[in-house]
1. Name the single residue that is surrounded by the fewest Cβ atoms within 10 Å (Cβ to Cβ) among those in segment 89-105 being under 18 Å from residue 1 (Cβ atoms) and touching a strand residue (DSSP E or B) at 6+ places or on another chain (Cβ under 9 Å).
2. Report yes if residue 9 is at pLDDT 90 or above, within 12 Å of the chain's Cα centre (by Cα) and outside any helix (DSSP H, G or I), otherwise no.
3. Can you confirm whether residue 52 is surrounded by fewer than 14 Cβ atoms within 10 Å (Cβ to Cβ) and closer than 17 Å to residue 104 by Cα?
4. What number of residues in segment 55-71 are more than 19 Å from residue 10 (Cβ to Cβ) and either touching a residue at least 12 places away in the same chain (Cβ under 8 Å) or surrounded by 14 or more Cβ atoms within 10 Å (Cβ to Cβ) (or both)?
5. Could you look through segment 12-21, keep only residues that are touching a residue at least 60 places away in the same chain (Cβ under 8 Å) and surrounded by 18 or more Cβ atoms within 10 Å (Cβ to Cβ), and pick out the one that is nearest to residue 57 (Cα to Cα)?
6. Suppose we filter segment 65-87 for residues that are in contact with a helix residue (DSSP H, G or I) (Cβ under 8 Å, 6 or more places away or on another chain), in a loop (DSSP other than H, G, I, E, B) and modelled with pLDDT under 90; how many remain?
């Protein structure tokens, strides 16, 4: 499955979660999202997104406001899944939600 992965502000297209998805056999498109240029990040994200979209974000994220994901979900007509203990989303719940969303959209 082709997955567009939009990394966090302090992460990169080479993050742990990207690698988990690639190791699970998925084609992962992960555009650069410069932390210091929100407008360019949005442009890069829009250029990468095609088709149906699911956003997975932790409501307990202290770096990126969960409300931003609500706004993006409305703007893209995307499904929003709440998962994860914090911004990093490296906990088992977050990884499970990511993999479940992929499996449901195959």
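The values are calculated or read from the model by the stated rules, or taken from the named source; none is laboratory data. Please read all numbers here as calculations on a predicted model, not as lab measurements. Positions of Cβ are generated from backbone atoms using ideal geometry, with glycine treated the same way; all protein chains shown enter the neighbour counts.
1. 104
2. When the stated conditions are applied, residue 9 does not pass them.
3. It is true that residue 52 is surrounded by fewer than 14 Cβ atoms within 10 Å (Cβ to Cβ) and closer than 17 Å to residue 104 by Cα.
4. Total satisfying the criteria: 1.
5. 17
6. 1
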